[in-house]
Amino acid sequence: MKKFNIRKVLDGLTSSSSSAAHTGAAKENDAVPESLQSEHFQLCKTVRHGFPHQPSSMAFDPVQKILAVGTLNGALRLFGRAGVECYCQHESGAGVIQLQFLINEGALVSALADDSIHLWNLRQKIPAILHSLKFNRERITYCHLPFQSKWLYIGTERGNIHIVNVESFTLSGYVIMWNKAIELSTKTHPGPVVHISDNPMDEGKLLIGYECGVVVLWDLKSKKADYRYNYDEAIHSVDWHHEGKQFVCSHSDGTLTTWNIRTPAKPTQIITPHGKQPKDGKKPEPCKPILKVEYKTTRAGDPFMVLSGGLSYDTVGRRACLTVMHGKSTAVLEMDFPIVDFLTLCETPYPNDFQEPYAVVVLLERDLVVIDLGQIGYPIFENPYPLSIHESPVTCCEYFADCPAELIPALYSVGSRQKRQGYSKKDWPINGGNWGQGTQSYPEIVITGHADGTIKFWDASALMLQVLYKLKTAKVFEKARGKEEKANTDIVDEDPFAIQTLCWCPESRMLCVAGVSAHVIVYRFSKQEAAAANVQLLEVRMQCELSDTDSPDTGGEQTPTQASSVPPSPQEGDAPATASSQPSAGGNGSNPSSDGQRDNMPCLQVRSSPLKQSPGYQVELVVQLVWVGGEPPQPITSLAINSSYGLVVFGNSNGMAVVDYLQQTLLLNLGTSELYGASEPYQRQPCSPRKARQPSGALCDSSDGPNAAEERCKSPNSGSTSPCNSDDERKAKFIKKARMSRKISSSNEHKPNTDSKDNSFSRSRSSSVTSIDRESREAVCAFCFCETFPRKSADGVPGPCVLVGTSQGSVMLLAISLPPGDDQRLIQPVGISSCGTVARLKGGILTMALLDAAGAALPASYEPWYDPNASDEEKEKERSRWRRPASPPSSQEGHDSQFAVLCSEKQAKVVAVPSQTRVHKHNITESSFVLRADVVQMAGANCIACFCANGHIMTLSLPSLRPLLDVNYLPLTDMRIARTFCFSSLGQALYLTSPTEVQRITYSQETCDNLQEMLSELFTPVETPEAPNRGFFKGLFGGGAQSLDREDLFGETASGKASRSLAQHIPGPGNMEGMKGAASGVVGDLARARVALDERGQKLGELEERTAAMMSSAESFSKHAHDMMQKYKDKKWYQL
């Protein structure tokens, strides 16, 4: 019987439905071998970087040196040494209210806001839940797990305390009821339990703090209260002195009370750290609550008292503070954000020994700070984690894999000079765990653009993330000094410097950045400081107007030294509408037109004084779009740069412009409709009934205001004929939101003069433009520099070109005529000519690329990097290495030698070149649309990777466009993902999963197979420090710590069974049985074997140490006994 293969059937259906090309092209394409198969692809998450979003709690293992942070959405982030990070998530998504480590056991207990507790196994690389316990009748408020104990105390909102065995996660029958803990004469409920801790010197005594201000010292053996301590103010936290004779409480009126356990009548000391002391000796004025206090002792000096809150009420607007009291000194440390929690790191895990604090970890709402207590002034440690992603909101993101090897060291060398000074000289104290042993070694770089105009370069190699270099683009512009100057930033008031899109060439290190205020900055990389010089400026006037004459013939060549002619605005009369192509050094004065409207002025004012440029990226040229007839310029939607040609091309909803950044001149300035020839088969008919001629397209929405189309995310084709059901409508709404999410929003746009004539042909983003006008707007949304055939003729020769994609799915070709010889490049002008339309797709164009006849990618030519500030000899040496890549082979005997890969929001096409015949077509989606698409390299071949608005991630083979992967990965919820999702080659991708975190994923089967080895290890076998020595007299007279056999008290034999209705036990997927079932393959077996071997080796080591200690003790005893016998054997009884 023949075996049925569904994959072959699907592949057959795909090929039969997607290929409708000429017979000759199809036969030619059949010869192109494709090595990529669906077996090469698998989608999974890898690591998460950044600061935990909405943190709520924190815990620290002092032996393993691991920090855990819980969040309000149920996430756990674990941190060790630099590069050791782990992310895991509670399925319920409930907020984490408290975390407790089983110190040096490789386990963590989490308590959630849904009244459940979970035990996490940290001995595996991806932590999993071993057990869960869900309380049904009581709300959890506080948890306490004593050191080296398996019994977990859980306080509830009702004031009761339950006890859980963390090994089996079962409830004990032993319960401390609130009515037995407080005095019988008390008529009111004491409130929730806010604190539980055992006496450091007596495990049988439990200190219970109630919210109302009552503290109870409970005797576990006798099951009654030994002492009760009453105070008028509510309690927020309690901490013991290590000797177990005193404890400190923090209260809601900003006071600290110190109590002696044997004198419950009144506190031995009451202080208000931040209260103003009245002269007449009265009680200080009340302050804000002290939310937490920690009391830590030292052998050599005064104890430390660390507290948060407690500031005076008259400090309105003051930032959150952490107070460190040491002896007679009090230090108030201001924080940038509100304090969520803090922990004092101590040398010993034993609570009954001198604590010897050395650092304080402060968890803020948007940062993590570690303070060095051992140095004067309490400096902070330099944080090695990538927690500054959200320093300013991320507005765009790009991911580059397999970069040149020397690039990361070069960026690090210039970035290391930007580091702040004044950090602690000690090493980072959270240094547990080990790095992964992955084989993935290629360099990876992530670039993030931010709302304040900064650009950050990150080293993303080997599943790590480390900031390399930070570039501030706002330095190029003048700073607004007052409210009267803010009128210049008319597009966006809050973030006028925000990065909208960027283009980077790793080989030449050229960087081009487009900002939200319609500006483009070209940067060149240098390892040396550049002399202070004026910023070179080029102002471009882009407007979308059509005269009554026909469109210019696109077959002709444009005048290279001058922008293409654009008809003038009616408001300007005969004023020319060409761009200013002369570089200027600053002063951008406003040029109001005759009727008082702004005209020919940019949105931002370029710095007029000379700019000193440090090593790193240095400004080459600034291009600014100017106001036209009282209307602000449209934001830039697409951008590309080519170092080999020395050109920058950018476009918006008005058209496109080509700039020669070497000669600093404008080469081309065309409206979108002018890209079409007069006899173009793809040219649109006018959409607006108000005008005879309109530029074609459908992009901008009236509700967007100044937020014109950005990057790759455009609205779906308004002319779609697909039926709409309720699900499609929901997706359509998401599509619209997703498109808007990729824009920099602005609430206050400049309103044009309402008295202006209605017959104005000027395109505007203001609310005065009707929806019909907006629907007729076609934007330029994609570019691709390449070397291809500018004509359809079979005897043509490939040359420099640029593919132009629009929001209506048209792909046009522009030919570039470069001066002959490199020595003429800076003297002779560059020619640009339009070659007509190549193809038409549904939806806006997202990405374009070229393949050779064998299906291999044809990358754009580039100029190797050289240092512009180096000596002339070094420049010549570097430039001598510059050889423009050889042109692709010419077309021979009528055969096509290239394939153009075109991908839009709806479909993908492969077109043979130079014949421009369609070879393959694939409809990617009907009900949704593609947000991001890239042609990427994978396993030595190329494919198209797509991310759709409905959450699907897909890959298509090249050139046949066979579907290789289709996974429904993300829900239709997060707009941020739509704005920041980006692919890279070699099967990697990332997106911003929260305002502060980056999630990395892989769609490579090889990476998924090796993921276990690549991930870092949290748990490492470490010997627990020895317990403090009790001393001879304490051991003789019982003055040391008193141990307690909790098993006798809390076990089922002594206390009975707990009520079944109180809590429900839920076995977790992470227990050993679950792990054996879930883990598969050699990697999982090796990981389990290594863990088991480590545990066995640790136990054998402990046994060997105990045996050696016993032998040593026996030998010592034998020796002392023998010496005593020798001493007294010959003496008489009266001589003793």
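Summary table below
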quantity	calculated
Residues that are surrounded by fewer than 23 Cβ atoms within 10 Å (Cβ to Cβ) and either assigned to a loop (DSSP other than H, G, I, E, B) or in contact with a helix residue (DSSP H, G or I) (Cβ under 6 Å, 6 or more places away or on another chain) (or both), drawn from region 48-63	His53, Gln54, Pro62, Val63
The listed residue being within 20 Å of Val164 (Cβ to Cβ) and free of Cβ contacts under 8 Å to residues at least 24 places away in the same chain, out of Asp61, Asp114	Asp114
Residue check, Arg318 among the basic types (Lys, Arg), surrounded by fewer than 17 Cβ atoms within 10 Å (Cβ to Cβ) and more than 20 Å from Lys276 (Cβ to Cβ)	no
Members of region 971-984 that are more than 15 Å from the chain's Cα centre (by Cα) and surrounded by fewer than 21 Cβ atoms within 10 Å (Cβ to Cβ)	Pro971, Leu972, Thr973
Residue in region 381-392 that is closer than 30 Å to Gln937 by Cβ, open to solvent by less than 10 Å² (accessible area, probe 1.4 Å), in contact with a His (Cβ under 6 Å, 6 or more places away or on another chain) and not aromatic (Phe, Trp, Tyr) present	yes
Count of residues meeting criterion [over 26 Å from Ile447 (Cα atoms) and not in a strand (DSSP E or B)] in region 345-389	17
Residue identified as open to solvent by less than 10 Å² (accessible area, probe 1.4 Å) and in a loop (DSSP other than H, G, I, E, B) among Gly209, Gly155, Gly159, Gly204	Gly159
Counted residues, region 345-364 - those being open to solvent by less than 20 Å² (accessible area, probe 1.4 Å) and touching a Leu at 6+ places or on another chain (Cβ under 9 Å)	7
Lone unmet requirement of (1) open to solvent by 50 Å² or more (accessible area, probe 1.4 Å); (2) outside any helix (DSSP H, G or I); (3) at pLDDT below 50 for Ala21	(1)
Matching option when the condition is in contact with a helix residue (DSSP H, G or I) (Cβ under 7 Å, 6 or more places away or on another chain), in contact (Cβ under 8 Å) with a residue 24 or more places away in the chain and under 16 Å from Thr46 (Cβ atoms), among Thr1002, Thr1007, Thr917	Thr1002
Residues located in region 321-344, provided they are part of a loop (DSSP other than H, G, I, E, B) and either open to solvent by 30 Å² or more (accessible area, probe 1.4 Å) or farther than 29 Å from Val96 by Cβ (or both)	Gly327, Lys328, Asp336, Phe337, Pro338
Qualifying residue in region 979-998 (condition: assigned to a loop (DSSP other than H, G, I, E, B) and among the hydrophobic types (A, V, I, L, M, F, W, C))	yes
Residue in region 221-229 that is over 22 Å from Phe354 (Cβ atoms), assigned to a loop (DSSP other than H, G, I, E, B) and touching a Cys at 6+ places or on another chain (Cβ under 8 Å) present	no
Positions within region 163-187 being in a strand (DSSP E or B), closer than 12 Å to Ala1063 by Cβ and open to solvent by less than 10 Å² (accessible area, probe 1.4 Å), in sequence order	Ile163, Val164, Ser172
Residue under evaluation Pro190, criteria (1) open to solvent by less than 10 Å² (accessible area, probe 1.4 Å); (2) in a strand (DSSP E or B); (3) modelled with pLDDT under 95, criterion not met	(2)
Of all residues making up region 400-421, the number that are out of contact with any Leu (no Cβ under 6 Å at 6 or more places or on another chain) and assigned to a helix (DSSP H, G or I)	9
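Okay, residues lined up against (1) among the small types (Gly, Ala, Ser); (2) open to solvent by less than 30 Å² (accessible area, probe 1.4 Å); (3) within 22 Å of the chain's Cα centre (by Cα):
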| position | (1), (2), (3) |
| --- | --- |
| Leu411 | no, yes, yes |
| Gln418 | no, no, yes |
| Gln421 | no, no, no |
| Pro429 | no, yes, no |
| Gly432 | yes, yes, no |
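The values are calculated or read from the model by the stated rules, or taken from the named source; none is laboratory data. Here the structure is a predicted model, which is why all the values come from computation and not from measurement. With ideal geometry, Cβ positions are generated from the backbone for all residues, glycine too; neighbour counts draw on all protein chains shown. Only protein heavy atoms, including side chains, enter the accessible area calculation; ligands, DNA and RNA are left aside. Shrake-Rupley method; radii C 1.70, N 1.55, O 1.52, S 1.80 Å.
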